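Please read the structure below before turning to the comments.
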Amino acid sequence: TNLAMGEMLWSGDLLKRIYLPKAIFVVSTTGSGLVNIGLSMVPLLIIMLITRTPITSSMLILPVSILALTIFAMGVGFILSTIVVYFQDIMPIYEVVLMMGMYATPIIYPPEIIPERFLSLYRINPMYWMLKMFRLPIYAGRLPTFAEVLPALAWSVSFLIFGWLFFTSKSDEYAYRV
């Protein structure tokens, strides 16, 4: 999402000179993130082998988790790319928000330590559901239930649709503003 914003700004001269589909900048940065996460799976498997963590058949759902995360990131990328065209100062602000979001999401701590009274707050965080789709097959060795997959997919598709509509509604102005 960070790269998607930067690409839209850094490609301003290119947008002014030739016609390009503006969405290509968001799609390409999301695609590079997809390659990155794919390559990250290799060290994960090596670490799992070294630590003798069981590799179960439930890990076959990881492509669905990756797809949901990719769709979500693309939707957020479309939204942020549109906003950054109008407000360039959003990039450093977004980095701070992203850091706060990392601490508000059980990434570096297990979700089991979250007190019950705060669990409803965590569940409105889309990344909670995305990470749950990764954690369950890797750490718990089980497939996520439909009730655990549905929120992640709903957040992903919702952000992609909203992001695409928001992005395309303003796309005629991009070349004039960057």
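Taking the stretch 51-139, which chymotrypsin sites (Phe, Trp or Tyr not before Pro) meet the DSSP loop condition and have no more than 11 other C-beta atoms within 10 Å?
Taking the stretch 51-139 and a limit of 11 other Cβ atoms within 10 Å, the loop chymotrypsin sites (Phe, Trp or Tyr not before Pro) found are Phe87.
Over the stretch 1-141, calculate the relative contact order: mean separation of alpha carbon pairs under 8 Å at least 6 apart, over the residue count, as a percent.
Relative contact order for the stretch 1-141 comes out at 37 percent.
Can you list which of the trypsin sites (Lys or Arg not before Pro) found in the stretch 1-97 are DSSP loop residues with at most 15 other C-beta atoms within 10 Å?
Arg52
How much of the accessible area of the stretch 35-147, in percent, comes from carbon and sulfur atoms when a 1.4 Å probe is used?
That share works out to 74 percent.
Per-residue ellipticity at 222 nm for the chain, helices alone: DSSP H runs ≥ 4 residues times -39500 (n - 2.57), over residue total, nearest 500 deg cm²/dmol?
Mean residue ellipticity, 222 nm, calculated: -23000 deg cm²/dmol.
Can you tell me the orientation of helix 62-86 relative to the chain, as the angle in degrees between its alpha-carbon axis and the longest Cα principal axis, to the nearest 10?
30 degrees
What does the extension gain come out to for Met100 and Leu44, with contour length at 0.36 nm per residue minus their alpha carbon separation?
Stretched fully, the Met100-Leu44 segment lengthens by 17.6 nm.
In Å and from the alpha-carbon atoms only, list the Rg and Dmax of the stretch 3-62.
Answer for the stretch 3-62, Rg first and Dmax second: 18.2, 55 Å.
Let me know the charge dipole size of the chain about its Cα centre in debye, to the nearest 20, where only the beta-carbon of Lys, Arg (+1) and Asp, Glu (-1) is charged.
That gives the chain a dipole magnitude of about 260 debye.
Rounded to two decimal places and with Rh computed the Kirkwood way over Cα pairs, what is Rg over Rh for the stretch 58-139?
1.03
Can you pull the one-decimal nm distance between simple spin-label points at Ser57 and Gln88, each 7 Å off the Cα toward Cβ?
Taking the two extended label points, one gets 5.6 nm.
Quick one: helix 23-50 against the long Cα principal axis of the chain, what's the angle to the nearest 10°, folded into 0 to 90?
Its long axis makes an angle of about 20 degrees.
Using +1 at the C-beta of Lys and Arg and -1 at the C-beta of Asp and Glu, which of Met41, Ile55, Met5 has the Cα lying farthest in the positive direction of the dipole of the stretch 1-99?
Farthest towards the positive pole: Ile55.
Can you tell me the orientation of helix 90-103 relative to the chain, as the angle in degrees between its alpha-carbon axis and the longest Cα principal axis, to the nearest 10?
10 degrees
Limiting things to C-alpha atoms, what are the Rg and the maximum Cα-Cα separation (Dmax) for the chain, in angstroms?
18.1, 56
The values are calculated or read from the model by the stated rules, or taken from the named source; none is laboratory data. Source: prediction; values computed, not measured. For neighbour counting, all protein chains shown are included, and Cβ atoms are generated from backbone atoms with ideal geometry for every residue, glycine included. Note: areas computed on protein heavy atoms with side chains; ligands, DNA, RNA excluded. Shrake-Rupley method; radii C 1.70, N 1.55, O 1.52, S 1.80 Å.
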